[in-house]
Amino acid sequence: MANKIYYLASCDTCRKIIKSLPNTDKLEFQDIRQNPITEQQLDEMHQLSGSYEALFSRKAQLYKSMDLKSKNLTEADYRNYILEHYTFLSRPVFIIDGKIYIGNSQKNIAEVIKALS
């Protein structure tokens with residue numbers, strides 16, 4: 001399995017994180033707007049993370065506009081929303097040596113940098 005990053009090219013945070021990474025030549029890049037994630041890719045992320053909720057972004061504009069906060073979402077709902085619209089994926093998502101790193105927290109990015117070094 002290739003080491004991979006799922007990101008948005010138009011996202012400033014993603015671009016800043018990518019600039020800070022060592023050895024980016026070891027990563028396969030997938031801009032999820034240009035090249036949407038497949039069901040198979042999402043299911044692979046789910047296997048590594050243990051839940052679709054962990055992959056779901058509550059920061060997405062659509063989360064607020066669709067008033068999803070007031071709904072009781074299931075794992076199936078999270079999966080469907082992520083497949084339906086790329087902004088629901090918490091970004092960036094890295095898969096490095098069979099381990100998944102989700103989101104842009106400083107702790108997470110420090111672990112990604114360590115994994116790529």
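The values are calculated or read from the model by the stated rules, or taken from the named source; none is laboratory data. All figures in this text were calculated on a predicted structure; none of them were measured in a lab. Heads up, the Cβs are rebuilt from the backbone with ideal geometry, glycines too, and the neighbour counts pull from every protein chain shown. Please note that ligands, DNA and RNA were not included when accessible areas were found on the heavy atoms of the full protein model with its side chains. Shrake-Rupley method; radii C 1.70, N 1.55, O 1.52, S 1.80 Å.
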Among the residues of the stretch 27-44, which ones are in a loop (DSSP other than H, G, I, E, B) and aliphatic (A, V, I, L, M)? 27, 32, 37
Do you know which residues across the stretch 10-26 are open to solvent by 40 Å² or more (accessible area, probe 1.4 Å), under 21 Å from residue 57 (Cβ atoms) and not in a helix (DSSP H, G or I)? 10
Residue that is most open to solvent (accessible area, probe 1.4 Å) [pool: residues in the stretch 70-117 that are in a loop (DSSP other than H, G, I, E, B) and in contact with a Pro (Cβ under 7 Å, 6 or more places away or on another chain)]: 117
Scan the stretch 105-117 and report the pairs whose first residue is free of Cβ contacts under 8 Å to residues at least 12 places away in the same chain and closer than 14 Å to residue 91 by Cα and whose second residue is open to solvent by less than 100 Å² (accessible area, probe 1.4 Å) and of a type in the set (Phe, Trp, Tyr), with Cβ atoms within less than 8 Å and a gap of 6+ or a chain change. 108/101
Return the pair list, or none, for Cβ contacts closer than 7 Å from residues in the stretch 14-33 that are within 20 Å of residue 82 (Cβ to Cβ) to residues that are of a type in the set (Lys, Arg), at least 6 apart or on different chains. 14/91; 28/4; 30/4
Filtered residues of the stretch 45-69 (kept if assigned to a helix (DSSP H, G or I) and free of Cβ contacts under 8 Å to residues at least 40 places away in the same chain): 46, 47, 53, 61, 62, 63, 64, 65, 68, 69
Can you confirm whether residue 96 is under 23 Å from residue 2 (Cα atoms) and in contact (Cβ under 8 Å) with a residue 60 or more places away in the chain? yes
Residues satisfying the stated conditions in the stretch 27-40, i.e. surrounded by fewer than 18 Cβ atoms within 10 Å (Cβ to Cβ) and either more than 11 Å from the chain's Cα centre (by Cα) or within 13 Å of residue 88 (Cβ to Cβ) (or both): 28, 29, 33, 34, 35, 36, 38, 39, 40
